[in-house]
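Working notes for the structure below.
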Amino acid sequence: MKKAVIGIIAAALMMSMGVVQAAGGASAGTSDRITINLASRILTLYQNGRKAYMYHICAGKIETPTPVGNFTVSDKEENPTWIDPKDHKKRVEPGEENPLGQRWIGFYDMYGIHGTNRPDSIGGYYSNGCIRLNEEDVEQLYPKVEIGTKVEIYYNRLVIETMDDGTVVYYVYPDGYGRQPLDVRSVRKALDEYGVGVFLTNEDISEKIENEDGGPTFLPRTFRIEIDDRWLSARAVMPADSPLYLPVQALSNVTKIDYTRDVSSGTVSTVLGTAQGVVFGNQLFVKADEGKVLFGLSGDIDADRTMRLVTNKPIEAKPEEKAPDNKTDYVVQTEKPAAEKSTSKMNVFLPEAGVPSKITSIVQGKTK
């Protein structure tokens with residue numbers, strides 16, 4: 001028998017707007033996890049930290065919504081028996097008429113991920129709170145999930161992702177549960193964190209929210225920037241068919257090198273050089289190679305799609321070489337006044353002897 005359907009309506013109603021934290025649960029000892037976005041109605045299985053499988057789901061209807069929170073897989077069963085939550089004496093044995101399909105993956109109390117004999121419900125909100133998958137999908141998922149695998153369920157209408165090549169794509173889904181209103185400001189703020197908000201007008205974002213069709217909008221590739229182990233909030237960007245650009249103001253803030261911009265020529269200058277600038281949205285950029293010169297930086301993009309830069313150290317001047325042994329010095333000698341003149345040889349002038357009364361000659365000699 002399957003306990004997951006007993007009393008599910010009452011439990012779901014109590015948690016209709018809350019976040020549920022699963023208690024207990026063993027650890028699967030793996031980095032694999034399941035995420036479920038109730039707004040997009042998509043289940044994703046991550047293996048080794050990367051997306052491996054994605055499936056469309058059916059979530060709980062508004063009256064019996066699926067709980068959100070962090071859970072773990074608690075039990076698994078093949079060919080489960082369904083029990084009617086309204087009449088516990090009514091059961092459906094495994095088979096084509098069973099609402100649970102042929103696989104059950106429990107994750108919290110009486111909730112689970114299972115198949116369905118209603119494939120037409122996939123993509124909507126029709127269940128009593130459980131997660132329905134197409135039968136072929138749940139049968140594929142079942143052996144890939146262990147007891148203790150983490151299950152994260154959330155409700156996000158706005159989804160922003162970075163693809164493997166750095167391209168940013170974002171989606172806006174309908175507000176099926178009526179929980180999450182969106183406006184241009186909040187969407188732009190989220191996009192700015194990925195460095196791509198400058199490529200969209202308010203009209204673009206407003207239209208996206210109004211359509212709320214869950215379709216993808218692709219934006220330029222972006223790369224995080226690290227300078228001397230310090231992360232920048234701004235990102236490097238690479239528009240389609242264009243080179244990589246670096247944000248001028250962000251580089252200036254970190255390197256403490258001021259810049260000036262000539263609006264008429266569009267150039268950007270620092271004490272280290274001048275380059276052509278380009279404006280995306282309201283931000284000033286320069287080509288990456290030129291930006292590194294302007295702000296005394298070196299480095300490039302690594303395998304993690306991060307622009308790792310370091311400030312160049314100034315070149316130290318070489319110490320002066322010692323004079324060769326045959327260098328000629330000049331020694332000043334003096335002659336005493338006539339009254340004091342003696343037969344002694346001329347003495348070498350020494351600083352502590354005072355200013356000589358008369359300079360008679362400059363004699364060359366070698367240093368000792």
Completion exercise
Considering the range 116-170, residues that are in a strand (DSSP E or B) and over 30 Å from Tyr194 (Cα atoms), and then whichever is most open to solvent (accessible area, probe 1.4 Å), we arrive at Tyr126
Exercise for the section: Quickly run through the range 62-93 and pick out the residues that are open to solvent by 60 Å² or more (accessible area, probe 1.4 Å) and more than 24 Å from Asp32 (Cα to Cα). Expected result: Ile62, Glu63, Asn79, Lys86, Asp87, His88, Lys89, Lys90, Arg91, Glu93
Practice task
Scan (1) in contact (Cβ under 8 Å) with a residue 12 or more places away in the chain; (2) under 30 Å from Met238 (Cα atoms); (3) not in a helix (DSSP H, G or I) for the single condition Val187 breaks and write down its number.
Solution key: (3)
Fill in the blank from the handout: Sole miss for Ile209 among (1) at pLDDT 95 or above; (2) under 19 Å from the mean Cα position of the chain (by Cα) is condition (2)
Exercise for the section: Could you check the range 1-97 for strands (runs of 3 or more DSSP E) lying wholly inside it with 3 or more residues that are at pLDDT 95 or above? Expected result: 33-37, 42-47, 50-56, 69-72
Completion exercise
Going through the range 234-246 in order, the residues found to be without any contact (Cβ under 8 Å) to a residue 40 or more places away in the chain and over 17 Å from Glu290 (Cβ atoms) are Ala240, Asp241
Exercise for the section: Could you please let me know if Asp175 is surrounded by fewer than 16 Cβ atoms within 10 Å (Cβ to Cβ), in a loop (DSSP other than H, G, I, E, B) and at pLDDT below 95? Expected result: no
Problem - Residues that are modelled with pLDDT under 95, of a type outside the set (A, V, I, L, M, F, W, C) and assigned to a strand (DSSP E or B), drawn from the range 237-250 - result: none
Practice task
Would you check if there is a residue in the range 114-124 being within 30 Å of Ile209 (Cβ to Cβ) and modelled with pLDDT under 95?
Solution key: yes
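The values are calculated or read from the model by the stated rules, or taken from the named source; none is laboratory data. On a predicted model such as this, the values are computed, not experimentally measured, just so you know. With ideal geometry, Cβ positions are generated from the backbone for all residues, glycine too; neighbour counts draw on all protein chains shown. Note: accessible area is taken over every heavy atom of the protein model, side chains too, but ligands, DNA and RNA are not part of it. Shrake-Rupley method; radii C 1.70, N 1.55, O 1.52, S 1.80 Å.
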